[in-house]
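Read the structure below first, then the notes.
The values are calculated or read from the model by the stated rules, or taken from the named source; none is laboratory data. Here the structure is a predicted model, which is why all the values come from computation and not from measurement. When the accessible area is computed, the model is the full protein with side chains, heavy atoms only, and any ligands, DNA or RNA have been set aside. Shrake-Rupley method; radii C 1.70, N 1.55, O 1.52, S 1.80 Å.
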Amino acid sequence: MPRFAANLTMLFTELPFLDRFAAARKAGFDAVEFLFPYAFGKDALKSALTDNGLSLILHNLPAGNWEGGERGIACDPARRDEFRAGVARAIDYATALGCPKVNCLAGIVATESADIARATLIENLKFAAAELDKAGLMLLLEPVNTRDIPGFFVNRSAQALAIIADVGAPNLRLQYDIYHSQVMEGDLARSIETHFARIGHLQLADNPGRHEPGTGEINYAYLFRRIDELGYDGWIGCEYKPATTTEAGLGWIDLYRKEHGA
């Protein structure tokens with residue numbers, strides 16, 4: 001059966017960040033992910049993981065001024081040096097925390113042309129993939145929908161996979177967020193089946209609202225069965241905004257576990 005990881009950037013936000021690890025463990029999660037670790041010391045994060053028996057499965061490369069509205073810098077030709085410094089910082093955190101995968105957010109296209117943005121992204125991904133490979137880490141590229149983030153450069157699976165093919169790095173895979181894909185593409189089961197061999201990580205939320213499974217239009221019961229049939233052995237990150245509180249919204253996962261005897 002699929003294994004679910006709590007995204008601590010999105011879940012348990014009623015608690016301070018470092019307290020969310022214990023809440024995730026109490027709720028039955030064995031693994032966590034989050035957007036960025038860089039506001040906290042590596043020792044504090046390592047203790048939060050170890051003390052609660054949790055594995056960290058994913059975090060992102062530094063993505064510029066997030067609070068200021070930036071959503072990645074990998075496609076910006078003026079930020080190459082900053083991007084490369086961010087790769088080194090991400091590797092430092094990932095290796096210290098035992099995190100096997102790091103995600104790249106391409107960013108919002110500003111004034112440069114799409115061709116320049118694409119060439120810049122490919123160059124940066126080649127650099128990042130090579131550096132992460134030396135550390136034994138997987139690099140991911142995530143398409144993000146342009147309704148939530150207008151102008152986001154990589155926004156469809158086919159586009160991301162074409163870029164991944166041009167990079168040609170064996171440790172670069174697709175991060176497939178079911179919510180983003182539903183907004184931009186739909187036809188989720190067929191899409192996951194088609195791209196399955198190149199998917200390195202899955203994330204979920206329902207649509208509309210980006211809330212927990214069962215609150216919207218996506219047939220997650222079917223998708224979970226199909227993902228299981230395909231032989232997916234990784235984690236599925238629960239990157240959703242709880243409709244009320246996190247604990248009140250976890251009934252979907254309890255029901256899933258009960259149905260599968262877990």
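Shape index of the stretch 69-192: Rg/Rh, with Rg the Cα radius of gyration and Rh the Kirkwood radius from the inverse mean 1/r over Cα pairs, equals 0.96. Our coupling estimate for the stretch 20-37, obtained by passing each phi through the Karplus curve with A = 6.51, B = -1.76, C = 1.60 and θ = phi - 60°, is 6, 5, 5, 5, 5, 4, 4, 7, x, 7, 9, 9, 9, 9, 7, 5, 9, x Hz, Gly and Pro reported as x. 3J(HN,Hα) couplings calculated from phi for the stretch 64-81 with the Karplus curve 6.51 cos²θ - 1.76 cosθ + 1.60 (θ = phi - 60°) are, in sequence order, x, 7, 5, 5, x, x, 6, 10, x, 10, 6, 9, 9, x, 7, 10, 4, 5 Hz; Gly and Pro show x.
Computed from phi, the 3J(HN,Hα) profile of the stretch 120-133 under the Karplus parametrisation 6.51, -1.76, 1.60 (θ = phi - 60°) reads 5, 4, 4, 4, 5, 5, 4, 4, 5, 4, 5, 5, 5, 4 Hz, with x in place of Gly and Pro. The 1.4 Å probe gives accessible areas that order Asp228, Asp43, largest first, as Asp43, Asp228. Comparing Leu35, Leu223, Leu45 in a Gaussian network model of the chain, where Cα atoms under 10 Å apart are tied by springs, the biggest mean-square fluctuation is seen for Leu223.
Cα gyration tensor of the stretch 8-61, axes a ≥ b ≥ c as square roots of the eigenvalues: rounded (a/c below 1.5), prolate (a/b > b/c) or oblate? It would help to have the intermediate numbers written out before the result.
Numbers: a/c = 1.37, a/b = 1.22, b/c = 1.13.
Because its axes are fairly even, with a/c under 1.5, the stretch 8-61 counts as rounded.
With q set to 0.08 Å⁻¹, the log10 of I(q)/I(0) for the chain, from the Debye formula over equal scatterers at the Cα positions, is -0.29. Note on Trp66: accessible area is roughly 70 Å² with a 1.4 Å probe, heavy atoms of protein only. Near the amide H of Gly237, within less than 5 Å, lie the amide hydrogens of Ala5, Leu202, Gln203, Leu204, all on another chain or at least 5 residues away, with H placed in the peptide plane. Helix 42-51 and the longest principal axis of the C-alpha atoms of the chain enclose an angle of approximately 20°.
Between the helical axis of 157-167 and the longest alpha-carbon principal axis of the chain there is an angle of about 50 degrees.
For the chain, what does -39500 (n - 2.57) per DSSP helix run (n ≥ 4), summed and divided by total residues, give at 222 nm, in deg cm²/dmol to the nearest 500?
Numbers: 9 runs with 101 residues, N = 262.
It lands at -11500 deg cm²/dmol.
I need the Kirkwood Rh of the stretch 173-250: take the reciprocal of the average 1/r across all distinct C-alpha pairs and report it in angstrom. Let's see the in-between values first.
Numbers: mean 1/r = 0.0786 Å⁻¹.
Evaluated over the stretch 173-250, this radius sits at 12.7 Å.
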